[in-house]
Ligand code: GLN
């Protein structure tokens, strides 16, 4: 399995280590041609304005929008989630507009108010230690978006819409790989389903 990591800036290496420990290959994506042959994408946390500028500079906005609209699975964390969101506030910022949520950047306040919290995630037996670093707050979710976990205020912190997974925290900064495993398992399930459909349609 090959996962592309948006490779300009942010917590990239930490995701790479988890992916390789789970037996998945990864490449850093910095240009459109590197989107070919991917089974999934990860948008890491970091600084969304910088990433957006790099996406524009590298002419990656349209190619990303098109592979995501075609159903390429994506896991977006923190700044990555800001890029994936339909609407961004505080300040308003352009985005890929894929996931039907509105996010408020630095929603909990500046760096000083970064924190860790045990969150209960749907289908996980034990809580997950979530690391929030200048995290966004999800202000609203559209009808296609399912909330998998909330913080102690009740704000959604882990959402899913079909093949798109989004977290306001950094799952790569703990030793706990359950979220990455969930994402990879979902990709495997989908590709099996697609293969069955292709066989039924006589393509394979
Ligand atoms: N506050 C950052 C932004 O707006 C996101 C922080 C993070 O990814 N940890 O881009």
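Miscellaneous remarks
- Percent of beta bridges antiparallel (DSSP, the stretch 1-142, rounded to nearest 5): 40
- What the Cα atoms of the chain give is an Rg and a Dmax of 16.3, 57 Å.
- Shape of the stretch 1-120, Cα gyration tensor, a/c cut at 1.5: oblate
- Quarter of the Cα convex hull surface for the stretch 109-204, i.e. its orientation-mean projected area (nm²): 7.9
- Shape category assigned to the stretch 52-149 from the gyration tensor of Cα positions, a/c cut at 1.5: oblate
- Label-point separation, residue 102 to residue 47 (7 Å along Cα→Cβ), nm: 2.8
- The stretch between residue 59 and residue 92, if pulled fully straight at 0.36 nm per residue, gains 9.8 nm over its current Cα-Cα span.
- Only helices enter this figure: runs of n ≥ 4 DSSP H residues, each worth -39500 (n - 2.57), summed and divided by the residues of the chain, yield -8500 deg cm²/dmol at 222 nm to the nearest 500.
- Net length available on complete extension from residue 188 to residue 31 is 54.0 nm, with 0.36 nm assigned per residue and the Cα-Cα distance removed.
- Counted residue by residue at 0.36 nm each, then reduced by the alpha carbon distance between them, the extension gain from residue 20 to residue 175 reaches 54.4 nm.
Computed from the coordinates by the stated procedures, all read-outs in this text should not be read as laboratory data. Remember, it's a predicted structure, so these values are computed and weren't measured experimentally. Reconstructed Cβ throughout: ideal geometry from the backbone, glycine too, with neighbour counts over all protein chains shown.
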